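Read the structure below first, then the notes.
Values in this text are rule-based calculations from the coordinates and carry no lab data. The shown structure was predicted, so the numbers you read here are calculated from the model rather than taken from an experiment. Here the Cβ positions follow ideal geometry from the backbone for every residue, glycine too, while neighbour counts run over all protein chains shown.
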Amino acid sequence: MRKANLERDSDASLARRWRAGDGRAAAAVVERYTDALGAIAYGVTRNRALAEEAVQETFARATRTLGQLKDPARLGPWLVGIVRHVAVDMARRRSRETPIGDRDIAARSNPGHEAMRNEAAESLGGAIAALPEDQRDILAMKYVAGMSYGAIAETLGMTPEAVSQKLWRVRQKLQKELVEFRP
């Protein structure tokens, strides 16, 4: 019964109880935000293992710095800010460590088709990387984590209508940038 109550508790209530040392409240926060934070981290790192590590580090940092959260009702946006920084740091470290051209090269049935698909994927990746953080976050939460507009809105401290409008604008922007790849 208590677990069901924690799931319905507001972010402010959970943050205050987490700050007071309530482990169940901390677990409820982890349960509530893991998917969204994972999607954001994956959008930055483009690596599932790094994204999972970034989420774990985010919760560890949040635990250490919970006293710095000024408005407990803004727990979601605060966690989003932390995961962005953690994921960017991890991606930078990884880019310095991974040799250029160190990719898995598999036998391909149609090299021309594969080259076109790779070019389209690189163009899409570049277009997404050029988006502002908030737009990348919404794309990742919607299409990587499969979150609803309401869940995204709650995580980012927005209305579902604002999420819908922002997502529509981002899709329009990407379509214009990638027009050469449309059938």
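Quick notes on this structure:
- Total residues in segment 126-156, condition at positive phi and over 13 Å from the mean Cα position of the chain (by Cα): 0
- Residue ID - surrounded by the most Cβ atoms within 10 Å (Cβ to Cβ), chosen from residues in segment 10-29 that are of a type in the set (D, E, K, R) and either in contact with a helix residue (DSSP H, G or I) (Cβ under 7 Å, 6 or more places away or on another chain) or outside any loop (DSSP other than H, G, I, E, B) (or both): 11
- Within the span defined as segment 156-169, one or more residues are under 18 Å from residue 38 (Cα atoms) and not basic (Lys, Arg).
- Residue 49 surrounded by 14 or more Cβ atoms within 10 Å (Cβ to Cβ) and assigned to a helix (DSSP H, G or I): no
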